[in-house]
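To keep things clear, I will list the structure first and then write my remarks on it.
The values are calculated or read from the model by the stated rules, or taken from the named source; none is laboratory data. Predicted model, so just to flag it, every value in this text is computed and none were measured. Backbone-built Cβ (ideal geometry, glycine too); neighbour counts: all protein chains shown. Just so you know, the surface numbers come from the protein's heavy atoms only, side chains and all, with ligands and any DNA or RNA stripped out. Shrake-Rupley method; radii C 1.70, N 1.55, O 1.52, S 1.80 Å.
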Amino acid sequence: MGKKGAKRHLKRKPAPKFWPISKKRFVWAIRPTPGPHSLENCLPLGMIIRDILGFAETRREAKKIISNEKVLVDGKVRLKDDYPVGLMDVIHIREVEKTYRVLPSAKGFILHPIEGEESSFKLCRVENKNIVKNGHIQLNLHDGSNILIKVADPANPVEDVYATLDVLKIKLPEREILGHIKMKKGVLAIITGGKNMGKFGKIVEIEERAGQKRRNWLVTIEDNAGNAFKTRLNYIFPIGENQPLISLPQGE
């Protein structure tokens with residue numbers, strides 16, 4: 001009889017390379033459950049508590065911290081240590097009153113400390129759009145969530161000002177839209193994948209390519225020092241018009 005269901009375990013050797021764990025000291029790693037982010041683009045919550053932040057020495061201790069409702073992700077309490085945390089997610093640790101945002105870097109994902117008003121929102125990229133019942137617009141976001149844009153007149157949907165790959169500023173935990181950044185030349189953006197992952201700058205050129213999907217168009221970003229980086233449009237994440245809406249690590 002064949003095996004049924006998804007895998008429940010993960011060895012450290014085939015785990016994503018950017019995970020901050022020793023590949024040889026132990027055999028097993030925390031396997032993230034299916035959720036808002038894929039295995040290749042997430043960090044298990046238990047790993048964040050134990051290996052990155054150092055609030056626990058063992059997985060048992062990390063589980064106890066998380067199950068006692070001391071960790072919030074995007075304003076909601078998460079009780080499982082295998083919950084997948086990914087790009088732009090906001091993590092708050094109640095016991096020490098510290099908040100972090102998950103950002104891309106040359107080594108993968110990092111936790112960037114934030115505070116004040118910045119901890120009350122997150123940025124989400126629109127990955128897809130659908131027309132649902134009564135002509136309303138459903139926006140599918142990069143973190144697996146959806147937002148419904150209600151339309152008064154389906155024949156003239158003036159409320160639908162959003163396009164795929166645009167970025168929304170979302171209030172936490174209410175998930176109300178606070179702002180909108182269009183994917184266009186001149187906006188500030190960060191690269192979320194490829195060899196230039198983590199680089200930040202202004203979009204100076206978007207090369208449209210006939211016969212190719214829009215996500216594969218070539219984009220050039222230029223940083224404050226005048227360095228230019230090229231990548232696919234799919235790896236571009238707008239973060240502001242004239243100034244970034246979020247703080248970035250030093251050196252980015």
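Restricting the range 134-146 to residues that are surrounded by fewer than 16 Cβ atoms within 10 Å (Cβ to Cβ) and closer than 21 Å to Leu43 by Cα leaves a set whose member that is nearest to the chain's Cα centre (by Cα) is Gly144. The single condition among (1) closer than 27 Å to Asn146 by Cβ; (2) open to solvent by less than 30 Å² (accessible area, probe 1.4 Å); (3) of a type outside the set (S, T, N, Q) that Ile221 does not satisfy is (1). Here Ile149, Ile131 are screened, and the one residue that is more than 20 Å from the chain's Cα centre (by Cα), without any contact (Cβ under 8 Å) to a residue 24 or more places away in the chain and surrounded by fewer than 15 Cβ atoms within 10 Å (Cβ to Cβ) is Ile131. Within the range 22-32, identify whether any single residue is crowded, with 19+ Cβ neighbours inside 10 Å and of a type in the set (Phe, Trp, Tyr), and answer yes or no. Within the range 22-32 (the criterion being crowded, with 19+ Cβ neighbours inside 10 Å and of a type in the set (Phe, Trp, Tyr)), the answer is no, since none of the residues qualifies. The set of residues in the range 196-212 that are open to solvent by 40 Å² or more (accessible area, probe 1.4 Å) and at positive phi contains only Gly211. Considering the range 147-170 alone, what residues qualify as being touching a Phe, Trp or Tyr at 6+ places or on another chain (Cβ under 8 Å) and farther than 19 Å from Gly86 by Cβ? Scanning the range 147-170 gives a single hit, Ile149. Of all the listed residues (Gly179, Gly193), the sole one being surrounded by 14 or more Cβ atoms within 10 Å (Cβ to Cβ), in contact (Cβ under 8 Å) with a residue 40 or more places away in the chain and either within 28 Å of Gly226 (Cα to Cα) or in contact with a His (Cβ under 6 Å, 6 or more places away or on another chain) (or both) is Gly193. Go through the range 50-71 and give me each residue that's touching a residue at least 40 places away in the same chain (Cβ under 8 Å) and either open to solvent by less than 50 Å² (accessible area, probe 1.4 Å) or hydroxyl-bearing (Ser, Thr, Tyr) (or both). Within the range 50-71, Leu53 is the sole residue that qualifies.
Mind listing whichever residues of the range 1-21 are among the charged types (D, E, K, R), under 21 Å from Ala62 (Cα atoms) and open to solvent by 80 Å² or more (accessible area, probe 1.4 Å)? Answer for the range 1-21, where residues must be among the charged types (D, E, K, R), under 21 Å from Ala62 (Cα atoms) and open to solvent by 80 Å² or more (accessible area, probe 1.4 Å): Arg8, Lys11.
Within the range 152-176, if we keep just the residues that are more than 22 Å from Glu117 (Cβ to Cβ) and of a type in the set (A, V, I, L, M, F, W, C), the residue that is surrounded by the most Cβ atoms within 10 Å (Cβ to Cβ) turns out to be Leu165. The residue list Arg215, Arg125 contains one member that is loosely packed, with under 15 Cβ neighbours inside 10 Å and touching a residue at least 40 places away in the same chain (Cβ under 8 Å), which is Arg215. The single condition among (1) open to solvent by 20 Å² or more (accessible area, probe 1.4 Å); (2) modelled with pLDDT of 95 or more; (3) at positive phi that Met88 does not meet is (1).
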